[in-house]
1. Order these peptides, 377-388, 116-127, by their mean beta-carbon neighbour count within 10 angstrom, highest first.
2. Would you work out the charge dipole size for the stretch 38-221 about its Cα centre, treating the Cβ of every Lys and Arg as +1 and the Cβ of every Asp and Glu as -1, and quote it to the nearest 20 debye?
3. If r is the Cβ-Cβ distance from V324 to S401 and R0 is 35 Å, what FRET efficiency results, to the nearest 0.05?
4. Expected output is a single nm value to one decimal: the length gained when fully extending between E389 and A98, i.e. 0.36 nm times separation in residues minus the C-alpha distance. What is it?
5. Calculate, for Q151 and I331, the FRET efficiency according to 1/(1 + (r/R0)^6) with r their C-beta to C-beta distance and R0 51 Å; round to the nearest 0.05.
6. Please list, or write none, the aspartates and glutamates whose alpha carbon is within less than 12 Å of the alpha carbon of K139, excluding same-chain residues fewer than 8 places away.
7. For the stretch 231-355, max minus min Cα coordinate along each principal axis, in Å, sorted largest first?
8. If you place +1 on the Cβ of every Lys and Arg, -1 on the Cβ of every Asp and Glu, and leave all else neutral, what size is the dipole of the stretch 100-190 about its Cα centre, to the nearest 20 Debye?
Amino acid sequence: MFTLPSPTRRLAITLVVIGGIGALASLLAPAVSAQGSCGKAGCIDVVAVDGLIDEIEANFIIESIDQANAAGDVVGVVLQFDSAGSAVSDARLDEVAAAIQGSRILVSIWIGASGSYALGGAAELAQVADSSGITPGSKIGDVGTQRLDEQQFGDLFTGRAAAGLNRTFSGEAAVKAGLVDRFDPTLVDHVGNLDSVETKVVKVDGREQKQPVQRVRLSKLPLQVQLMHTAASPSVAYLMLVLGLGLLLFEFFTAGVGVAGVIGALFVLLGGFGVAELPFTAWALVLLLFSFFGFAIDMQTGVPRLWTMISMVAFTVGSVFLFVEFRPTWIALLAGIAGMGVVVFSGMPAMIRTRFATPTIGREWMIGELGQASTEINPEGMVVIRGAEWRARTNRATPGSPGDSIRVVEIDGLVLGVEPEEGGAMDYREMRSNRKGEPEAQSEVQDPAK
């Protein structure tokens, strides 16, 4: 019966795992409707929009508005924004804006809770909504160039609002700049100030507050879809892609497909999905993938050399320039670059040498073996034993130069203890042994003469 070779079998199983995870991910529906009935008075749907407006969030916004319009008992939709911008195409952003502007029921945007953002494309959507509000400490602006079609939506940033193209405004300053309609410290304040909402006045902490008579329903992405949305954030996408490729590289040098391979495949899938959802630089992604090919070349020897250094440079450049519009945090970049450096220069070579060691025989056979110094050994360096390069440490601090013949005298973990072939401690022991044997040999020769 035909059997795939071991490396091919590992690759096939890995591809099956990736395909299975991909099929599972394709079943994830991007939108979720608010739960529960509205009752006689109707209800208001509050839709949470967190993170970059990617394809998942764009679908979520459009479908939530469509479902609210189709329900018949929903009087308004509030989009609760905390978004640093839009990662979808201009055409797709136009579709989201058209859904907001073309809704038969009121659609309002509330930038909250405190500390939230509506930047870039998210700030543009706030301009096309029926009304908008902002909390203290929240910010809006930093649009740059308007992405929404001016022929369809007009010039959204004119007069005082034009300042929002190049800077951000927070709280009441955003209201004065004309970027939002009202200053609403809480969600209840914002909903209570909507024109289509019936309210009652109650006292809260000594002040009067309008509270909606209609039921307020909250909508969020379901957990499994939220996982995909989280993977589409720059820092998470970068770290998942790097970690996944590293685990697959490690798995390639081990026997069989284990936990590392399965987790690596999952991380590559999620990281690849995140990269595809974000604006990325193609040549930087190529550099990033090429670096792992270079790492694999040197890992076959178990010693980091030229290819590792070239690949580390490619990995660093690819990491820095992978995302330009929405960059990962510096903490994520430093963690990825520094972590990969430690792994390829120290951790991975040691693990691979340990994996490929022969535990049934051990390395004791190397004691007494002759080799050659490939670098200066003073007190540590590299030696070549039977064509394989090993880390070495001199015995009794006897230095060695490249090309010197050496002898292995001890093994300390993955480091060989070596000494010069001539003049080392073993050489002197052999000489003493020979001297002790000379009189005995001489007496044996003289005995027959007697």
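Read the figures in this text as sums done on the coordinates, not as results from a lab. Note that the structure is a prediction, hence the values are computed from the model and not measured. All Cβ positions, glycine included, derive from the backbone under ideal geometry; neighbour counts span all protein chains shown.
1. 116-127, 377-388
2. 720 debye
3. 0.10
4. Numbers: separation 291, 0.36 × 291 = 104.76 nm, distance 6.50 nm.
My answer for the length gained is 98.3 nm.
5. Details: r = 42 Å, r/R0 = 0.83.
So the FRET efficiency works out to roughly 0.75.
6. Within the straight-line limit of under 12 Å, K139 reaches these aspartates and glutamates: D82, E172.
7. For the stretch 231-355, the Cα spread along each principal axis is 42, 29, 23 Å.
8. Numbers: 7 positive and 10 negative charges, 29 e Å.
With Lys and Arg at +1 and Asp and Glu at -1, about 140 debye.
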